[in-house]
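The values are calculated or read from the model by the stated rules, or taken from the named source; none is laboratory data. In this text the structure is predicted, and so the values were computed from the model without any measurement. Backbone-built Cβ (ideal geometry, glycine too); neighbour counts: all protein chains shown. Accessible surface areas use protein heavy atoms only, side chains included; no ligands, DNA or RNA. Shrake-Rupley method; radii C 1.70, N 1.55, O 1.52, S 1.80 Å.
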Amino acid sequence: MVETPETSDLHQSSGGLGTVVITGAAGGLGRAFALGFARRGYPVAAVDIAPDGIEETVQAVTEANGTAAGFTADVTDTASTNSMAQQVNEYAQSLGTTVHAVVNNAAIYATINRSSFEDIDPDEWDKVLGVNLKGPWMVTRAFSPYLTAGAKVINLASATVYSGSEQWAHYVASKAGVIGLTRVLAKELGHRDINVNTIAPGFTLTEASYGLMDDAASYGVQRGALKRASQPDDIVGAALFLAGPDSSFVTGQTIVVDGGRQFI
Ligand SMILES: NC(=O)c1ccc[n+]([C@@H]2O[C@H](COP(=O)([O-])OP(=O)(O)OC[C@H]3O[C@@H](n4cnc5c(N)ncnc54)[C@H](O)[C@@H]3O)[C@@H](O)[C@H]2O)c1
């Protein structure tokens, strides 16, 4: 990894940069988080169920002079998640670091049906809640033995929790659950000096979200205080803040990053 004066300062200010775990890192926001953390000097453990995308993320981080390794796991599966956490911890130790932050970003939304609450298939409901809500619980649980004082957990919710996006009851409920989970984890991990927070992005242009509608590039732009579309990099700063030393007394909170479309 190339040390720039900027990353060197940040190393010192954060007391030595530990490894950041990012689930759902095969593309979209997960890849943007991986690159954002790597550019600040954090080693990255890129986790996803999709092995090809992980390799691309690791390559992108390497080309940006960062340090990353890829790990395949299904965040809904206990054995897979526990095994991944153990491997990631060994990777962190091999770099002389600990696991500093877990970013629970993996979710499904683009591949699910949008329909009224009466018409949602119960199997699909279970699948959405499984990945989007059980996943962050299971991943945090798997990493809990490896997290030490000063570690951070960052969960991804969605601004749809506040807008009550119609035809998407399972997705919105799963993300509302993430906010509740965050508050409980903040209390249960707080006595270990571990911070747990949520980022709730507004509609952001990723490959997955782009496919949701024809007017994706202009969707919501006029409703926002800031009149432009949200790009993945727009969400990264909040994660860097929540993983860094400047948020050490912030826990159990949700930061909406949506250019001012919702005020909570
Ligand atoms: N893009 C947006 O507009 C937007 C808005 C609000 C919230 N979010 C949230 O941000 C996060 C990232 O969104 P995105 O647009 O990058 O989505 P994305 O679909 O590009 O990324 C999600 C990743 O999760 C992975 N994944 C799915 N199931 C998994 C499983 N069982 N185990 C491990 N990995 C699994 C997928 O392979 C994928 O790489 C999600 O939590 C999403 O709900 C996105």
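Annotations
- 2 or more residues modelled with pLDDT of 95 or more: qualifying helices (runs of 4 or more DSSP H) within the range 1-63: 28-39, 51-63
- Residue pairs whose Cβ atoms lie under 7 Å apart, separated by 6 or more positions or on different chains, with the first residue in the range 90-112 and more than 6 Å from the ligand (Cβ to nearest atom) and the second basic (Lys, Arg) and open to solvent by less than 30 Å² (accessible area, probe 1.4 Å), are His100/Lys152; Ala101/Lys152.
- Some residue of the range 174-191 being part of a loop (DSSP other than H, G, I, E, B) and either farther than 24 Å from Arg31 by Cβ or open to solvent by 20 Å² or more (accessible area, probe 1.4 Å) (or both): yes
- Among the residues making up the range 135-159, those that are surrounded by 21 or more Cβ atoms within 10 Å (Cβ to Cβ) and either in a helix (DSSP H, G or I) or of a type in the set (S, T, N, Q) (or both) are Gly135, Pro136, Met138, Val139, Thr140, Ala142, Phe143, Asn155, Ser158.
- When the range 29-50 is filtered for residues that are away from the ligand (no atom under 16 Å from the Cβ) and buried (at least 23 other Cβ atoms within 10 Å of the Cβ), the ones remaining, listed by number, are Ala38, Tyr42, Pro43.
- For the residues Leu189, Leu181, the requirement of being closer than 22 Å to Ala142 by Cα and away from the ligand (no atom under 16 Å from the Cβ) singles out Leu189.
- Sole residue being closer than 17 Å to Ser144 by Cβ and surrounded by 18 or more Cβ atoms within 10 Å (Cβ to Cβ), chosen from Ala79, Ala92, Ala106: Ala92
- Scanning the range 140-172 for residues that are under 28 Å from Gly259 (Cα atoms) and among the basic types (Lys, Arg) yields a single hit, Lys152.
- Whichever residue in the range 204-236 is free of Cβ contacts under 8 Å to residues at least 40 places away in the same chain and outside any loop (DSSP other than H, G, I, E, B) and, among such residues, is surrounded by the most Cβ atoms within 10 Å (Cβ to Cβ): Ser230
- The listed residues are Gly66, Gly53, Gly70, and the only one of them that is open to solvent by less than 30 Å² (accessible area, probe 1.4 Å) and out of contact with any Leu (no Cβ under 8 Å at 6 or more places or on another chain) turns out to be Gly53.
- Some residue of the range 111-125 being within 16 Å of the chain's Cα centre (by Cα) and modelled with pLDDT of 95 or more: no
- Any chance Gly150 is more than 23 Å from Pro232 (Cα to Cα) and either more than 15 Å from the chain's Cα centre (by Cα) or within 15 Å of the ligand (Cβ to nearest atom) (or both): yes
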